[in-house]
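The values are calculated or read from the model by the stated rules, or taken from the named source; none is laboratory data. Since the structure is predicted, the reported quantities are computational estimates derived from the model, not experimental observations. Cβ: placed from backbone, ideal geometry, glycine included. Neighbour counts: every protein chain shown.
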């Protein structure tokens, strides 16, 4: 992995966006990226306009695409990738990794929704999961969410430290098993205008700097009061498991269906411009 890959922080999206690592919950002045943007990077950034996500067919509001991380995975041959969250009412409803692979640009989606969503490209429905994307569970023995946003961030970081994730890989004998590293800061912190989410954060377990597993932690209203809940989500086609205090609480099979528009996992591929194709040749066989 490229150790000097960096997060790209964006401006706040209204009051729902918190800057990564800001313990006081206040806005930090973003550091501008002074590096020249490569043609491939620009092509990838422009590709975010290709997809339109909404909570439902009837919804009049499009989700907002937010780049929360840029990464490279030299282990598997993706030299330039980015992780994008799609937000509705302040909450992440879907995640997409955008990366070049074998002269195609891949948009690898997973639903993070407690409900449904729909994605269109060129006016056509290309993704409409038939079920919720993640299964939230209560975090046992967790203190109640604090009234202070500053304290809640500390609570979420402490709770996240209780979780771990392993990439069991693609081989049947699991000889490519790898313990993933949790990034210390959340990729994204949020509130919701819906009223049932007081606070939330998305944490990442990475291979090098490439997210393979996401962990969502939310202060969610259940039975009239807020409690801490968690959910895992996949970010790779390899087999995964998630643990809480060393107990396995989540498992994802390898090679999920990626061409079924009704699956919670969906990959859309488009040819990369010819002049950029030499920069997208992978070094491995699995993205």
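Among the conditions (1) in contact with a strand residue (DSSP E or B) (Cβ under 9 Å, 6 or more places away or on another chain); (2) at pLDDT 95 or above; (3) within 30 Å of residue 54 (Cα to Cα), the only one that residue 155 does not satisfy is (3).
Would you pick out the residues in segment 174-190 that are in contact with a strand residue (DSSP E or B) (Cβ under 6 Å, 6 or more places away or on another chain) and either closer than 23 Å to residue 253 by Cβ or not in a loop (DSSP other than H, G, I, E, B) (or both)? Let's see the steps before the verdict.
Step one: filter segment 174-190 for residues in contact with a strand residue (DSSP E or B) (Cβ under 6 Å, 6 or more places away or on another chain), giving 174, 176-183, 186-190.
Correct list: 174, 176, 177, 178, 179, 180, 181, 182, 188, 189, 190.
Across segment 87-116, the number of residues qualifying as without any contact (Cβ under 8 Å) to a residue 60 or more places away in the chain and within 9 Å of the chain's Cα centre (by Cα) comes to 2. Exactly one residue out of 111, 165, 148, 161 is closer than 17 Å to residue 213 by Cα, exposed (fewer than 15 other Cβ atoms within 10 Å of the Cβ) and either modelled with pLDDT of 95 or more or touching a strand residue (DSSP E or B) at 6+ places or on another chain (Cβ under 8 Å) (or both): that is 161. Examine segment 253-264 for a residue that is modelled with pLDDT of 95 or more and part of a strand (DSSP E or B), and state whether such a residue exists. For segment 253-264, residues modelled with pLDDT of 95 or more and part of a strand (DSSP E or B): absent. Would you call residue 264 closer than 23 Å to residue 81 by Cβ and crowded, with 17+ Cβ neighbours inside 10 Å? When the stated conditions are applied, residue 264 passes them.
So is residue 65 on the phi < 0 side of the Ramachandran plot, at pLDDT 95 or above and buried (at least 19 other Cβ atoms within 10 Å of the Cβ) or not? Criteria not met by residue 65. Of all residues in segment 179-196, those that are farther than 24 Å from residue 166 by Cα and in contact (Cβ under 8 Å) with a residue 60 or more places away in the chain total 5. There is at least one residue in segment 224-242 that is within 20 Å of residue 145 (Cβ to Cβ), more than 12 Å from the chain's Cα centre (by Cα) and either without any contact (Cβ under 8 Å) to a residue 40 or more places away in the chain or part of a loop (DSSP other than H, G, I, E, B) (or both). Yes or no: residue 116 surrounded by 14 or more Cβ atoms within 10 Å (Cβ to Cβ) and in a strand (DSSP E or B)? Against the criterion (surrounded by 14 or more Cβ atoms within 10 Å (Cβ to Cβ) and in a strand (DSSP E or B)), residue 116 does not qualify. Residue 193 fulfils the conditions (1) part of a strand (DSSP E or B); (2) over 19 Å from the mean Cα position of the chain (by Cα) except for a single criterion, (1). Within segment 133-159, the residues that satisfy the criterion of being out of contact with any helix residue (DSSP H, G or I) (no Cβ under 7 Å at 6 or more places or on another chain), under 25 Å from residue 85 (Cα atoms) and not in a helix (DSSP H, G or I) are 133, 134, 135, 136, 137, 138.
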